[in-house]
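Notes follow once the structure below has been shown.
The values are calculated or read from the model by the stated rules, or taken from the named source; none is laboratory data. Fair warning: this is a prediction, and the values are worked out from it, not measured in the lab. Cβ atoms come from the backbone with ideal geometry, glycine included; neighbour counts cover every protein chain shown.
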Amino acid sequence: MIRLLGLTKTFHPGKANETRALNDVHLDIETGTFLVLVGANGSGKSTLLNMLAGAVFPDRGSIFLGDRNLTRLPDYARSRWIARVFQDPLGGTAPELSILDNFRLAALRGTAKKLRIGTTPGFRLQVRDRIAGLGMGLEDKLDQPMGTLSGGQRQALTLLMSVMAKAEVLLLDEPTAALDPHAAQKVMETARQIIVEHGLTAILVTHDMKEAVTYGNRLVQMHRGHILRDVSGAAKQALQPEAIYQWFLSDKA
Amino acid sequence: MIFFVTALILGLALSAMGLGIFITMKIFKIPDITTDGSYTLGATVTALLLLQDWPLLLILLCSMTAGALAGVLTGLVHTRLHIDALLSGILVMTGLYSVNLSLLGRSNVPFVGKTTLFQQIQWFDKPIFNELLLVTGIIVACVALLAYLLRTDFGIAMRATGDSPAMARALGINSKGMKVIGLAAANALTALSGFLVAQYQGFTDVSMGIGIVLVGLGSVLIGDALIQWTGVSNIALRLLLIVAGGLLFQLVLALALSLGLHPNLLKLITTVFILAIVGIPRLLKRQTA
């Protein structure tokens with residue numbers, strides 16, 4: 001279970017552009033939950049996700065994953081439990097490295113990278129098998145640099161990479177924002193499948209309301225640094241995109 | 001003929017530095033110019049220990065360690081104090097000038113009567129071929145070692161650090177530590193060049209490193225052009241092309257000198273040559289665009 005206790009964060013304190021990004025946020029997320037996080041720009045959802053990843057530290061409050069206190073742990077140290085897919089398809093992969101090398105690093109997420117050749121024929125076969133499962137025909141291009149692939153292909157591979165090493169939490173930061181609708185759907189279906197197969201706790205930040213109602217079993221709306229709505233179970237399943245649009249409109253007023 | 005073989009030997013001796021600059025510039029995408037200082041530092045340590053008749057292997061290790069420490073210093077200034085990489089390099093390089101001068105005691109130290117690396121084997125009648133063989137062996141060993149290192153899990157992590165910092169951190173790579181290690185390795189290789197060149201020319205001079213970073217940069221730029229042109233992605237081949245770039249660079253300089261260029265103009269020619277390598281493709285690109 002992920003437990004967020006009183007997370008507070010102010011950017012540029014004492015300056016003209018001071019922003020209270022998070023204001024005393026409490027949130028418990030049960031293991032296996034697929035939580036969708038929505039909110040207007042500046043509502044704090046990205047800050048919250050970055051804080052979970054360890055890229056941003058809270059001014060006050062703490063973050064627990066099970067019994068482990070992650071609050072002060074930097075991102076690279078948290079990576080043992082937390083995998084991350086970025087909005088920018090370029091962010092989650094190394095463009096100059098081959099697909100195989102990218103997967104090798106992903107398989108070592110959160111563990112020591114030793115002075116030995118890890119891209120063995122056995123490893124190559126394992127990666128081939130997994131990539132073949134995507135049905136994108138990429139399994140024959142393992143030595144191709146990642147940068148030569150399309151955004152959708154890279155994002156789908158990033159998702160596969162996220163479960164190359166054992167993970168407990170998957171953070172999806174608008175993973176489809178840069179993709180065309182078809183690629184976006186493919187990526188989201190891959191994500192859903194991976195989350196179920198590996199029993200992950202997932203958090204998806206999205207601006208796409210259709211995506212927000214289609215995926216996940218809990219939906220949290222953030223507004224000005226705190227949690228405004230929290231819907232799960234049957235209520236979440238019954239949500240329509242129009243309803244969320246209405247929330248956004250009424251919050252502005 | 002002899003003239004060009006000499007250029008070849010010098011080119012090979014300097015290509016260790018080229019490999020170092022390849023690490024910082026192409027793998028980590030950091031502009032590091034600690035080079036001028038760490039090159040002379042390698043030569044300085046070589047001079048001091050050679051005069052005390054230390055075994056060559058130990059001198060090699062000490063020179064490279066000294067260079068690595070200079071790189072660590074630049075790395076720490078850059079990553080811990082968040083000072084721009086270029087400025088960090090300039091600070092360490094400038095400081096090293098005084099360190100080198102103090103260590104040497106005077107500006108020029110010749111190795112008169114000392115047996116240098118280049119007198120170690122006598123397989124050929126002409127000493128110049130022995131020298132060529134020796135330095136080739138050392139550079140081949142460097143390339144082989146580096147190619148292996150960059151293909152290991154650690155090496156892939158190194159390459160990812162420069163290629164995609166966000167991804168590297170998300171995958172549990174301590175990018176700050178990695179940069180420090182990369183700068184250490186690069187400057188150890190640069191010091192190796194100092195070790196080789198000092199013994200080849202038979203003296204260490206405190207100003208021998210001034211502007212030397214451009215020579216390394218030149219070999220990386222030419223080597224990179226060769227890489228783009230041939231389209232190789234194999235890391236060992238890429239490293240070999242960087243070495244080839246360094247050789248080409250020295251041969252062009254040798255050619256310029258043999259055509260009667262005054263040695264005083266050498267640095268200016270170096271600058272113009274690199275400007276041409278960097279500038280001409282851009283001008284061409286602008287015309288086609």
Here are some residues: A:ALA177, A:ALA235. Which one is touching a residue at least 60 places away in the same chain (Cβ under 8 Å) and either closer than 15 Å to A:ALA40 by Cα or not aromatic (Phe, Trp, Tyr) (or both)?
A:ALA177
If a residue has to be surrounded by 15 or more Cβ atoms within 10 Å (Cβ to Cβ) and either closer than 15 Å to B:ARG159 by Cα or within 14 Å of chain B (Cβ to nearest Cβ) (or both) to count, how many in segment A:100-145 make the cut?
20
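Every residue, every condition in (1) out of contact with any strand residue (DSSP E or B) (no Cβ under 6 Å at 6 or more places or on another chain); (2) over 15 Å from B:LEU146 (Cβ atoms); (3) part of a helix (DSSP H, G or I), yes or no:
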| site | (1), (2), (3) |
| --- | --- |
| B:ALA185 | yes, no, yes |
| B:ALA188 | yes, no, yes |
| B:SER193 | yes, no, yes |
| B:MET208 | yes, yes, no |
| B:VAL213 | yes, yes, yes |
| B:SER219 | yes, no, yes |
Scan segment A:55-70 and report the pairs whose first residue is without any contact (Cβ under 8 Å) to a residue 12 or more places away in the chain and whose second residue is aliphatic (A, V, I, L, M), with Cβ atoms within less than 9 Å and a gap of 6+ or a chain change.
A:ASN69/A:ILE63
Got a sec? Which of B:ALA141, B:ALA157 is part of a helix (DSSP H, G or I), at pLDDT 90 or above and in contact with a helix residue (DSSP H, G or I) (Cβ under 8 Å, 6 or more places away or on another chain)?
B:ALA157
Subset of segment B:104-137 [outside any loop (DSSP other than H, G, I, E, B) and surrounded by fewer than 18 Cβ atoms within 10 Å (Cβ to Cβ)]
B:ASN108, B:PRO110, B:GLN119, B:PRO127, B:ILE128, B:PHE129, B:ASN130, B:LEU133, B:THR136, B:GLY137
Suppose we filter B:LEU171, B:LEU183, B:LEU132, B:LEU145 for residues that are under 19 Å from the mean Cα position of the chain (by Cα) and within 14 Å of chain A (Cβ to nearest Cβ); which single one remains?
B:LEU145
What tally of residues in segment A:80-95 results from selecting those that are touching a helix residue (DSSP H, G or I) at 6+ places or on another chain (Cβ under 6 Å), modelled with pLDDT under 90 and at the interface with chain B (Cβ under 7 Å from one of its Cβ atoms)?
3
